[in-house]
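The values are calculated or read from the model by the stated rules, or taken from the named source; none is laboratory data. The shown structure was predicted, so the numbers you read here are calculated from the model rather than taken from an experiment. Every residue, glycine as well, gets a Cβ built from its backbone with ideal geometry; the counts of neighbours run over all protein chains shown. Only protein heavy atoms, including side chains, enter the accessible area calculation; ligands, DNA and RNA are left aside. Shrake-Rupley method; radii C 1.70, N 1.55, O 1.52, S 1.80 Å.
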Amino acid sequence: MGTWSLVGAVGAAAVAGVAVLCNLPSNPFVKSPENATLDYLSNARLQTFDSEPREFQASELWEKNGAVIMAEALGLSSLKPQLDARGVPLYAVVHETLGVAEFQPFFKGEIFLDKE
């Protein structure tokens, strides 16, 4: 086998190996998602959007008297007066800062960042 044929065969084997690896049921390079258990969510590190951001554990959001954490901005925001009357805060947790400024007018509670 010539040098170029050997290089081609090695290249083809490498491409085939990567293709097989990427199509395995569990890719060793991609971390499996965590289950959203209460313990897992409680330990999430959140950050405020204040001028001086503060980091804290998500469990602080509901440890005093429960909380509603955003699932649908306008619908839940319409419930804010009833939630306030019962002492239940309304929170949103986002995973990126992109679009938060545009989102804020539609949401009447506090918004926090989960960087992880």
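Using the Cα gyration tensor of the range 53-116, with a ≥ b ≥ c the square roots of its eigenvalues, what is the shape: rounded (a/c below 1.5), prolate (a/b larger than b/c) or oblate (neither)? Oblate.
Of all aspartates and glutamates in the structure, those lying under 20 Å Cα to Cα from Lys115, and not within fewer than 8 positions of it along the same chain, are Glu34, Asp39, Asp50, Glu52, Glu55, Glu60, Glu96, Glu102. You can think of it this way: the chain between Leu74 and Gln104 has 9.8 nm of extra reach, that is 0.36 nm per residue less the Cα-Cα gap. Here the label points at Phe49 and Thr37, each 7 Å from Cα along the C-beta direction, are separated by 3.2 nm in the simple model.
Solvent-accessible area of Glu55, all protein chains in place: 90 Å² (probe radius 1.4 Å, heavy atoms, ligands and nucleic acids excluded).
Stretching Asp114 away from Val93 to a fully extended chain increases their span by 6.9 nm, per 0.36 nm per residue minus the current alpha-carbon distance.
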